[in-house]
């Protein structure tokens, strides 16, 4: 910590009062000697005119213990300097959350172990899943990565991606789309443009398909464990993160590697808070129009067919028919931000400024109940000016889809909590 850093007046006062209260024999002079500062600093600190340095704080806590804080509500949330900043930064943050989600899946050790097993043939005698040592798993992932970087995969992926983007996804059943992906790995790469949708029995050549090419790399694709949906999802993410523009925007200094993945990390910073203010206003509702975020890149995902454009095909190793009947698998969900519910809370702080907590949820997940707000994301605006709090809240009101703010009720709550009501005369 920077030696020029000092703690806020409220924490300085709290620590000094706690130390002085610990013994009837300790006075300002004695406390100043303990800290190695001139005696006047203690009285100044008690009045908010002098702030503790980090070494002073550490010494006080070591000598007298941590003072008990004000009761509050713990929250681990993103931070926005203002409501305007939150609204302005939302598109960029949406992209960051999306790539963080994808990277954290691809870097997860359990996911990589599951992928290695899916790439390994099932024992024909027992029909049981293979048991791989860590060394076997690493070798299988390395073989898969070489396969993804092959010219055959590049050719296959470019055709599949182009054809998928050209489709009117609402015109086909999910099963038709899934059959197309399967067929693209079975038939020869040179005839991919000839595969009809629905696939049916096209009678195309299948001697040089991607499934057979994978065998040359010591892996198996097109199976129940790693079907074509898993392959296109992983391939889209992996190949996108080979391009400098994309891997640099994802916070990487070199192309992404499954064999040597970077450490898992969140590109969106979050901070721990304890909200101690008086609750002035609370609103919990469904959005009139759902909030849909942005993908890190359109090239990095294949969106689901149908109306739920926020969903993306994700590598879940669930087997066939999952586009029509998705299982409640939470191993990977590469969809973009989708918020259907919210909860906002306004708190009056001790300094008569305000803090705002925003929760966003999705009641359309397979694991959630429709109409029930379950927070999936939290944002805190730590300080909103007391003189302009209603102006700031009106910025948020439009985004929330509220026709108006309950200004009268908010002012009444502010007055009851001892806050400043702009324009009101105090008698």
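Just so you know, all these numbers are worked out from the coordinates, no wet-lab data involved. Predicted model only: the values in this text are computed from it and were never measured. Cβ: placed from backbone, ideal geometry, glycine included. Neighbour counts: every protein chain shown.
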- Item | Most to least packed among 274-281, 249-256 [average Cβ atoms within 10 Å] | 274-281, 249-256
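For a quick check: sort 420, 247 by the number of other beta carbons within 10 angstrom, fewest at the front.
Numbers: 420 16, 247 19.
Placing the least packed residue first, the sequence is 420, 247.
Take peptides 389-397, 401-409 and line them up by average Cβ neighbours within 10 Å, highest first, as a rough protection proxy.
389-397, 401-409
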- What angle do you read, to the nearest 10 degrees and between 0 and 90, between the alpha-carbon axis of helix 83-106 and the longest principal axis of the chain? 50
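Want the number for residue 172 to residue 190: 0.36 nm per residue separation, take away the alpha-carbon distance, what's left?
Working: separation 18, 0.36 × 18 = 6.48 nm, distance 2.41 nm.
The residue 172-residue 190 span can extend by a further 4.1 nm.
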- Item | Two-site label geometry, residue 245 and residue 18: point separation in nm, points 7 Å out along Cα→Cβ | 5.3
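Report the percentage of all Cα-Cα pairs in region 88-190 whose separation exceeds 15 Å, rounded to a whole percent. Can you show the working numbers first?
Working: 3998 of 5253 pairs.
So the pairs more than 15 Å apart make up 76 percent of the total in region 88-190.
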- Task: Using just the helices of the chain, give the 222 nm mean residue ellipticity in deg cm²/dmol: DSSP H runs with n ≥ 4 each add -39,500 (n - 2.57), and the total is spread over all residues, rounded to 500.
- Result: -12000 deg cm²/dmol
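Just need the Rg to Rh number for region 352-406, please, alpha carbons only, Kirkwood Rh. Walk me through the intermediate numbers first.
Values: Rg = 14.0 Å, Rh = 13.0 Å.
Rounded to two decimals, Rg/Rh equals 1.08.
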- Item | Candidates 257, 368, 135: whichever shows maximal mean-square fluctuation once the chain is modelled as a Gaussian network with Cα springs under 10 Å | 135
- Message: How large are Rg and Dmax for the chain when calculated on the C-alpha trace, in angstrom?
- Response: 28.9, 96
- Query: Roughly what angle does helix 54-64 make with the longest principal axis of the chain, taking Cα atoms, 0 to 90 degrees, to the nearest 10?
  - Reply: 70
- Could you check what % of the DSSP bridge pairs in the chain are antiparallel, to the nearest 5? 95
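So if we plug the beta-carbon distance of residue 87 and residue 63 into 1/(1 + (r/R0)^6) with R0 = 45 Å, what FRET efficiency do we get, rounded to 0.05? Can you show the working numbers first?
Working: r = 46 Å, r/R0 = 1.02.
The value I calculate is 0.45.
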- Message: Quick check: pseudo-label points 7 Å beyond the Cα along Cα→Cβ at residue 416 and residue 298, how many nm apart are they?
- Response: 5.1
- Task: Kindly state, to the nearest 0.05, the FRET efficiency for residue 288 paired with residue 333, given R0 = 35 Å and r defined as their beta-carbon distance.
- Result: 0.90
- Note on the structure: Rounded to one decimal in nm, the spacing of the 7 Å Cα→Cβ label points at residue 155 and residue 73 is 6.0
- The whole-number value in µm²/s of the Stokes-Einstein translational diffusion coefficient for region 271-416, with Rh from the Kirkwood sum over alpha carbon pairs at 25 °C and 0.890 mPa s, is 139
- Semi-axis lengths, Å, region 9-64, gyration tensor of Cα atoms, sqrt of 5 times eigenvalues: 14, 12, 11
